[in-house]
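K.L.:
Have a look at the structure that comes next, please.
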Amino acid sequence: MAHAAPGTPRSQAKENRRQALLTAAAALFALHGFNRVSLEDLGAAAGVSGPAVYRHFQGKQAVLGDLLLTVSRELLDGGLRVISETKDPMAALRRLVGFQVEFALGKPDVIRVQDRDFSNLSQKDQSEVRTLQRNYVEIWVEVLALLHPGTDAVELRMRAHATFGLINSTPHSVRNHGRKIAPKTARPLLESMALAALTVNVPPAP
């Protein structure tokens, strides 16, 4: 099968269709679960036929893999960008929290899919997603270690994971209870709560 050259209108159109399929997959998998969604459902939601999905992915499991690998790489890249651009640890922590809150508010469906359908990934994709997300957590641990000198890394990871739970669960749980929280309301509240959990017992600045 011939491939469109990178940067051409044809290649851009193909990438747009791929992104539309991933967006549809996130919404449908979050709503119904991976096992209850067919390729025909994905195609219809993205405006293509079911068989046309195979022009972009080898199958439904590959769609799930691409979805979770893409977001895991985005998180890691974003975290690395924060620490490369921000040398003050408190400022870096604030940026990391803001970045995570923005992700959670913008992609609650992806978070739901990760929580519920991770086991439906191939073993290879499970391993890669775990590695990417572990590296993302270690960025947080590195910053927290500067704010909590002498604290064991296990405790710092616990703080990071607890914060992810706070941030990631809130948008979807509120929406599921019949009220969609407005980002302008949720963002400052989530950021302040997360920072409070992460910085408790941090020695005051001289």
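The values are calculated or read from the model by the stated rules, or taken from the named source; none is laboratory data. Just so you know, these numbers come straight off a predicted model, no measurement behind them. Positions of Cβ are generated from backbone atoms using ideal geometry, with glycine treated the same way; all protein chains shown enter the neighbour counts. For the accessible areas, the whole protein counts, side chains as well, though only heavy atoms, and no ligand, DNA or RNA atoms are used. Shrake-Rupley method; radii C 1.70, N 1.55, O 1.52, S 1.80 Å.
K.L.:
Please work out the Cα center distance from segment 133-168 to segment 67-130, rounded to the nearest Å.
P.N.:
Each part reduced to its Cα centre gives a spacing of 14 Å.
K.L.:
Another question about this same structure. Suppose each label sits 7 Å from its Cα in the direction of the beta carbon; what would the SER11-ARG130 distance come out to in nanometres?
P.N.:
3.5 nm
K.L.:
Label the chain by shape, choosing from rounded, prolate and oblate, from the square roots a ≥ b ≥ c of the eigenvalues of the Cα gyration tensor; if a/c is under 1.5 it is rounded, and otherwise prolate applies when a/b is larger than b/c, oblate when it is not.
P.N.:
prolate
K.L.:
Something else now. Within segment 60-199, how many Lys pairs that are eight or more residues apart, or on different chains, come under 24 Å at the alpha-carbon?
P.N.:
Numbers: LYS60/LYS107; LYS60/LYS124; LYS107/LYS124; LYS107/LYS180; LYS107/LYS184.
So the count works out to 5.
K.L.:
Would you mind getting me the FRET efficiency between MET193 and MET158? Use the beta-carbon distance for r and R0 = 22 Å, nearest 0.05.
P.N.:
That pair, MET193 with MET158, gives E of 0.85.
K.L.:
Could you sort MET193, MET158 by accessible area so the largest value comes first, with the probe set to 1.4 Å?
P.N.:
So, going from the largest accessible area down, we get MET158, MET193.
K.L.:
Continuing with the same structure: What longest range of the chain stays clear of loop-exposed trypsin sites (Lys or Arg not before Pro) (DSSP non-H/G/I/E/B, at most 15 other C-beta within 10 angstrom)?
P.N.:
For trypsin sites (Lys or Arg not before Pro) (loop position, at most 15 other Cβ atoms within 10 Å), the longest site-free span of the chain is 88-178.
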